[in-house]
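Heads up: the structure comes next, in structure tokens.
The values are calculated or read from the model by the stated rules, or taken from the named source; none is laboratory data. Source: prediction; values computed, not measured. Because the Cβ atoms are built from the backbone with ideal geometry, glycine has one as well, and the counts that use them run over all protein chains shown. Note: accessible area is taken over every heavy atom of the protein model, side chains too, but ligands, DNA and RNA are not part of it. Shrake-Rupley method; radii C 1.70, N 1.55, O 1.52, S 1.80 Å.
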Amino acid sequence: MSAAARSRNVTAVGLSLWLLVLAVVGAGDLGGRQSRGTVSVLATWTGEEGDAFRDMLDTFSRTHRIHVDYQGTTALREVLSSEVDAGTPPDIAVLPSSGELAAYAAAGRLTPLDGVVPARQRAAYERLWTPRVRVGGTMRTYGVAIKADLKSIVWYDARRRPGELPALAADGRRWCVGMGGDATSGWPGTDWIEDLLLQQQGEDVYQRWATGRLAWDDPRMVRVWKSWGTLFGAADAKRALVTDFRAAGRGLFGTGQPCALEHQGSFIRGGYPSPSRADFAFSAGLLPGADRRSTAREVSGDFAAMFGDSPQARELMRYLASATAQRAWAKHSASGRTRPFFANREVPPDVQSHDRVTRQIARALRESGSLCLDASDAMPTRMRLAFQRAVLEYLSDTGSGPTRLLRSLERVREGIRGEPGGPWLSTVCG
């Protein structure tokens with residue numbers, strides 16, 4: 001063979017290899033079919049939760065031939081803020097609070113979803129799960145809650161008799177309480193205050209406060225803080241300050257355990273050492289001063305929002321909001337793990353599992369008489385952070401009472417009311 005022929009053969013082989021590499025790269029995870037583009041997603045789920053969410057996204061990629069670049073981080077607020085400031089936000093971010101959703105919408109960072117997610121699809125959600133924000137004089141939908149949790153509940157060891165719970169609840173030493181949460185320490189205490197207000201004063205007062213229309217030093221708020229503070233002795237309060245919220249409930253199980261009840265959201269069950277032994281009661285029956293007839297429930301959501309508008313992002317947003325995606329997400333959850341809960345009425349409760357506890361939570365998220373979003377999650381960031389700090393300061397010295405702290409929080413509220421970029425949602429209950 002001549003040198004020229006050998007050269008042509010080598011060139012042909014090399015070109016073939018490059019074409020093969022390019023074909024593989026171009027196909028990505030789409031099974032050899034050509035990709036129709038890429039969409040980036042940022043959310044908080046990592047570890048096994050992140051794996052389940054990523055598997056659901058892979059299902060979308062195979063079906064729609066759109067590659068999804070997913071980033072999971074426990075520091076979502078910081079990462080997202082940095083990327084937005086740099087002009088490189090993700091196409092879709094899943095925000096852990098409705099307040100952040102409102103702030104980004106007011107700043108003109110988000111694409112309205114009214115023309116992206118069809119009205120028929122949005123109708124599967126109660127209105128609080130698809131928050132509307134007034135921007136430029138027009139109310140539009142900017143997010144959809146693709147995951148939900150129930151918060152007005154108290155966990156206990158299922159081997160206890162329900163009749164024991166009221167007496168246990170009256171003894172502050174029997175509550176498992178942890179305020180630690182890395183950069184967000186104090187948020188479990190805000191959940192206590194919020195739920196106490198909802199169960200003592202009802203939906204109307206709660207909504208006025210959560211939307212910035214009720215003073216923090218209102219007598220009804222003072223009563224709530226005192227109810228919480230007097231429940232714990234000095235030693236119990238100080239122990240709560242140094243306990244991580246993820247570890248607090250481990251004391252629920254086993255004989256001779258120091259605590260017996262935990263006021264915490266539905267997500268926490270997956271972190272218990274014995275999830276199958278955890279049962280719950282609605283908080284209205286156990287919190288001090290609560291209306292025992294109350295059917296109001298505090299809830300939280302993770303809201304998918306579009307920072308980048310493209311055909312690929314629109315397709316993925318419609319998919320994330322669908323019952324099809326949420327069923328796939330539940331299906332891909334690791335064996336033995338608590339599956340995510342959903343607000344979408346088209347997702348049947350048994351998608352979570354056939355376990356009585358999880359099905360009861362799933363039904364409560366859709367069938368309760370009144371659902372109200374987590375108030376601090378709905379507040380502007382500066383208000384939420386001040387609230388968290390105040391909770392920690394109050395627990396460090398409950399004997400001084402809450403008056404000074406509540407006046408300080410009221411000054412923050414008054415300062416925010418006229419601030420641009422510090423919006424309050426117009427409603428948090430539905």
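In the set (1) open to solvent by 30 Å² or more (accessible area, probe 1.4 Å); (2) in a loop (DSSP other than H, G, I, E, B); (3) within 16 Å of Glu393 (Cβ to Cβ); (4) not small (Gly, Ala, Ser), Lys226 fails one condition alone, (2). Residues in region 254-267 that are surrounded by fewer than 18 Cβ atoms within 10 Å (Cβ to Cβ) and either modelled with pLDDT of 95 or more or touching a helix residue (DSSP H, G or I) at 6+ places or on another chain (Cβ under 7 Å) (or both): 2 in all.
Among the residues of region 298-337, those that are touching a Pro at 6+ places or on another chain (Cβ under 9 Å), open to solvent by 10 Å² or more (accessible area, probe 1.4 Å) and either more than 22 Å from Pro131 (Cβ to Cβ) or assigned to a loop (DSSP other than H, G, I, E, B) (or both) comprise Phe307, Gly308, Arg327, Ser333, Gly336, Arg337.
Scanning for something closer than 20 Å to Gly180 by Cβ and either in a loop (DSSP other than H, G, I, E, B) or without any contact (Cβ under 8 Å) to a residue 60 or more places away in the chain (or both), does region 273-287 turn up at least one residue? Working first, answer last.
Step one: filter region 273-287 for residues closer than 20 Å to Gly180 by Cβ, giving 273.
Still in the list and also either in a loop (DSSP other than H, G, I, E, B) or without any contact (Cβ under 8 Å) to a residue 60 or more places away in the chain (or both): 273.
So far as region 273-287 goes, yes, one or more of its residues are closer than 20 Å to Gly180 by Cβ and either in a loop (DSSP other than H, G, I, E, B) or without any contact (Cβ under 8 Å) to a residue 60 or more places away in the chain (or both).
Applying the condition of being assigned to a helix (DSSP H, G or I) and aromatic (Phe, Trp, Tyr) to region 41-98 and asking which residue is surrounded by the most Cβ atoms within 10 Å (Cβ to Cβ) yields Phe53. Only a single criterion out of (1) of a type in the set (A, V, I, L, M, F, W, C); (2) buried (at least 21 other Cβ atoms within 10 Å of the Cβ); (3) at pLDDT 95 or above is not satisfied by Val133, namely (3).
Can you say whether Leu385 is in a helix (DSSP H, G or I), of a type outside the set (Val, Ile, Thr) and under 18 Å from the mean Cα position of the chain (by Cα), as far as the supplied structure shows?
The answer is yes for Leu385.
Residues of region 149-181 that are part of a strand (DSSP E or B) and in contact with a Cys (Cβ under 9 Å, 6 or more places away or on another chain): Trp155, Trp175.
Beta carbons closer than 6 Å, at least 6 apart along the sequence or on distinct chains, pair a first residue in region 117-142 that is of a type in the set (Asp, Glu) with a second that is open to solvent by less than 60 Å² (accessible area, probe 1.4 Å) and in a loop (DSSP other than H, G, I, E, B) for Glu126/Gly430.
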